[in-house]
Amino acid sequence: MDMSVAQAFFYLFSAVMIGSAIMVIVARNPVHSVLFLILAFVNAAGLFLLMGAEFLAMILIVVYVGAVAVLFLFVVMMLDVDFAELKQGFAKHLPLGIILGLILFVELAMVIGTYLVSTDATRTTPQLDTSVSNTEALGRVLYTDYVYYFQTAGLVLLVAMIGAIVLTLHHRTNVKRQNIAAQVARTKETAMEVRKVAPGQGL
């Protein structure tokens with residue numbers, strides 16, 4: 001059976017993405033793990049392009065590769081975390097990790113098994129409007145049917161960002177800071193002090 005170009009790219013992107021995902025976990029150097037994660041994101045974007053979801057592909061490149069993964073890389077390189085010390089408690093948490101992995105595997109098996117045993121009549125196929133682009137169709141759905149959920153998700157992310165800033169921000173006592181309100185509220189009495197100096201004496 002002849003293989004089309006789309007099928008060849010699908011197998012290529014899939015193989016590289018699976019290999020990169022494995023290397024993210026296996027790599028000993030955290031910087032190499034982040035680089036393999038970026039490679040996995042790029043190949044996932046290629047798979048989205050093959051499916052006709054160009055908007056999701058560009059979001060994956062711009063947001064995840066251009067912001068999140070690069071931020072991870074900078075944090076790992078700048079903080080110089082001692083990963084050998086962090087891995088000392090690995091054996092202690094290994095049973096819990098195995099249990100969580102088994103639960104996740106069972107859930108995936110149930111989802112895939114339910115899809116395989118279901119008939120075509122029970123499967124729901126979304127109705128796609130082919131007259132508009134993928135980006136426009138996604139925007140129509142987000143800002144009409146799911147506009148409240150979309151805004152709620154943005155509000156949750158905003159609260160999470162503010163919480164992270166509040167928890168990690170520490171003011172040092174030996175640093176002088178500008179107080180705009182105190183400067184604006186100054187009067188002649190508070191801004192200036194008049195002292196009478198006796199002749200021949202200093203302050």
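The values are calculated or read from the model by the stated rules, or taken from the named source; none is laboratory data. Given the structure is predicted, the values throughout are model-derived calculations rather than measurements. Neighbour counts are summed over all protein chains in view; Cβ atoms, including those assigned to glycine, are modelled from backbone coordinates with ideal geometry. For the accessible areas, the whole protein counts, side chains as well, though only heavy atoms, and no ligand, DNA or RNA atoms are used. Shrake-Rupley method; radii C 1.70, N 1.55, O 1.52, S 1.80 Å.
Please pick out the residue among 35, 49, 60 that is modelled with pLDDT of 80 or more and either over 30 Å from residue 137 (Cβ atoms) or touching a strand residue (DSSP E or B) at 6+ places or on another chain (Cβ under 9 Å) (or both).
Working: 49 fails: either over 30 Å from residue 137 (Cβ atoms) or touching a strand residue (DSSP E or B) at 6+ places or on another chain (Cβ under 9 Å) (or both); 60 fails: either over 30 Å from residue 137 (Cβ atoms) or touching a strand residue (DSSP E or B) at 6+ places or on another chain (Cβ under 9 Å) (or both).
Being modelled with pLDDT of 80 or more and either over 30 Å from residue 137 (Cβ atoms) or touching a strand residue (DSSP E or B) at 6+ places or on another chain (Cβ under 9 Å) (or both) holds for just one of 35, 49, 60, which is 35.
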Check your understanding: Which of (1) within 18 Å of residue 70 (Cα to Cα); (2) open to solvent by 40 Å² or more (accessible area, probe 1.4 Å) is the odd one out, the single condition residue 56 does not satisfy?
Key -> (1)
Practice item. Scan the range 63-112 residue by residue and report those that are of a type in the set (A, V, I, L, M, F, W, C), open to solvent by 60 Å² or more (accessible area, probe 1.4 Å) and modelled with pLDDT under 80. Key: 71, 72, 74, 75, 77, 78, 79, 83, 84, 86, 90, 91
**Study point:** Residue list for the range 22-46, restricted to those being aliphatic (A, V, I, L, M) and open to solvent by 50 Å² or more (accessible area, probe 1.4 Å)
**Key:** 22, 23, 25, 26, 35, 39, 42
